[in-house]
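Have a look at the structure below before the remarks.
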Amino acid sequence: MKQINFDIKKGEAKLKVENLDDLWYLSQIIDIGDHVKGKTIRKIKIGQDSDRKQSIIKKPVFIKIQIEKIEFSKTQNTLRLLGIITEGPEDIQKGEHHSFTLEENTTFTLIKNNWLKYQIDRLKQACKENISKILIIVMDREEAYFALLKKYGYDLLTTIKGNVKKKDIETRSEGKFYPEIINKLDEYVKRYKIVKVIVASPAFWKEDLLKELKDQDLKKKIILATCNATGKNGIDEVLKRPETKAALHEDRISKEITLVEELLTEISKNALAAYGLKDTENAANAGAIKSLMITDSLILKLRAQEKYKKIENIMKIVDSAKGSVNIISSEHEGGKKLDGLGGIGSILRYKLNY
């Protein structure tokens, strides 16, 4: 995301959307009651109401709305902001409903009465980070999965089927399995400008693949790791492996998974943790929350049910008490585990007695 201007005194941030990851961030930053202004397409009636020749045309207009509803779609790559028109040209009636559709290359201004610290931090993070340039390959003797790491999770790019047979102590690839993996690896590295490739497998398959790889520059990008499974389970496992920390230590997904694991550790010790909406709300009101975690799927669910206000109040309380507010993606293993706890949890400063 590109930040064109940010006037904290006016509460205005002029932004340009550059990719789907930006929309994911904005879906968490933008709140009900905020204002958005920018150029949009609006249907305009031409002619008098009594005129049978009355027609409707679409034309670009510059308007401002107060947001009443937020709809984020990863499948359609859009973020829709629905609300009431508060400013616009003379032929646009104030108080009517309108929706802004944010997508790639959209420029708009977001206006808040009060920017919370976690929202400012989230905006800085979105503007600072580029699309992830880490490729993950998990493989065994029969298949190889390729995944591109994203800010909100990862995209499974392709799967290659093969067969590697073991004979005595030596291992050899049958057919074109290893060459196919190497060709696809080379293709993705060039296409996505990959800086690191994590190749993981049970046993020795990753080392055998590396022996087949002749491109020395490509070899320098590779980090080997161990996993017990392939597919999505293997990818989730790789994200937690110590061998990958060098490549992932600054990546948001790795941080989110680590944070959720810390929460689960505190829960297992019956120590500094609260989870579920009720207990987390009590901990927030007591000023006891050090790190708050909420999944993006819970946020979307509560917004759809028009029950988001309680979650929003918890985030504001934690933010004002100098605690950290962390939006966790449900696309990876850590987010799925947090969803299993109700989608919300927290690491505490001190233990509470209920």
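Computed about the Cα centre, the dipole magnitude for the chain is approximately 620 debye when only Lys and Arg (+1) and Asp and Glu (-1) carry charge, each at its Cβ. Going down the table (K37/K193; K161/K190; K69/K117; K9/K74; K45/K307; K94/K307), which pairs top 30 Å between alpha carbons? Table pairs above 30 Å Cα-Cα are K37/K193; K9/K74; K45/K307. Could you run the Debye sum over the Cα atoms of the stretch 246-354, one equal point scatterer each and no solvent, and tell me log10 of I(q)/I(0) at q = 0.11, 0.13, 0.16 Å⁻¹, two decimals? Cα-only, vacuum Debye calculation for the stretch 246-354: -0.31, -0.43, -0.66. Simple spin-label estimate for K9 and E96 gives 3.6 nm between the two label positions (7 Å along the Cα-to-Cβ direction from each Cα). Relative to the longest principal axis of the C-alpha atoms of the chain, give the angle of the C-alpha long axis of helix 308-320, reported between 0 and 90° and rounded to the nearest 10°. Relative to the chain, helix 308-320 is tipped by roughly 80 degrees. Listed by Cβ neighbour count within 10 Å, with the fewest neighbours leading, I328, I222 appear as I222, I328.
Rounded to whole numbers, the Karplus 3J(HN,Hα) couplings from phi for the stretch 290-296 are 8, 9, 9, 10, 9, 7, 5 Hz, using 6.51 cos²θ - 1.76 cosθ + 1.60 with θ = phi - 60°, and x at Gly and Pro.
Rounded to the nearest 20, the size of the Cβ-charge dipole of the stretch 255-348 about its Cα centre is 280 debye, with Lys and Arg at +1 and Asp and Glu at -1. Between the helical axis of 20-29 and the longest alpha-carbon principal axis of the chain there is an angle of about 50 degrees.
Rounded to the nearest 20 debye, the dipole size of the stretch 2-128 about its Cα centre is 180 debye, using +1 on the Cβ of Lys and Arg and -1 on the Cβ of Asp and Glu. Relative contact order, whole percent, for the stretch 69-150 stands at 16, derived from Cα pairs under 8 Å and 6 or more residues apart.
What the phi angles of the stretch 206-222 give under the Karplus curve with 6.51, -1.76 and 1.60, with θ = phi - 60°, is a coupling list of 5, 5, 5, 4, 4, 5, 7, 7, 9, 6, 5, 5, 5, 4, 5, 7, 8 Hz, glycine and proline written as x. Taking volume of the Cα convex hull per residue in Å³ as calculated from this structure, the corresponding entry among (1) 138; (2) 172; (3) 159 is (2). Remark on I198: its backbone amide H falls under 5 Å from those of L135, I136, I137, I223, a criterion applied only to residues 5 or more positions apart or on other chains, H modelled at 1.01 Å from N. Note on the chain: dipole from Cβ charges, positive end direction compared against F146, Q125, N228; the farthest Cα belongs to Q125.
One decimal place: the segment N114-S73 gains 12.1 nm when fully extended, by the rule 0.36 nm per residue minus the C-alpha distance. Each Cα pair under 8 Å and six or more residues apart adds its sequence gap; the mean of these over the residue count of the stretch 255-348 is a relative contact order of 48 percent.
Based on C-alpha pairs under 8 angstrom that are at least 6 apart in sequence, the chain has a relative contact order of 13 percent.
For the stretch 74-109 versus the stretch 323-354, the inter-centroid distance based on Cα atoms is 32 Å.
Considering only I257, G334, V318, and ranking their Cα positions along the charge dipole of the stretch 252-334 that arises from unit charges at the beta-carbon of Lys, Arg, Asp and Glu, the one farthest toward the positive end is V318. In the elastic network of the chain, a GNM with C-alpha springs shorter than 10 Å, the most mobile of I84, I289, I327 is I84. Calculate I(q)/I(0) for the stretch 2-128 by the Debye formula, one identical point scatterer on each C-alpha and no solvent, and give its log10 at q = 0.17, 0.22 Å⁻¹ to two decimals. Result of the Debye calculation: -0.87, -1.35.
Each value in this text was obtained by applying a stated rule to the coordinates, not by laboratory testing. Every value quoted in this text rests on a predicted model; they were computed, and no experiment measured them. Every residue, glycine among them, receives a Cβ derived from its backbone with ideal geometry; neighbour counts consider all protein chains shown.
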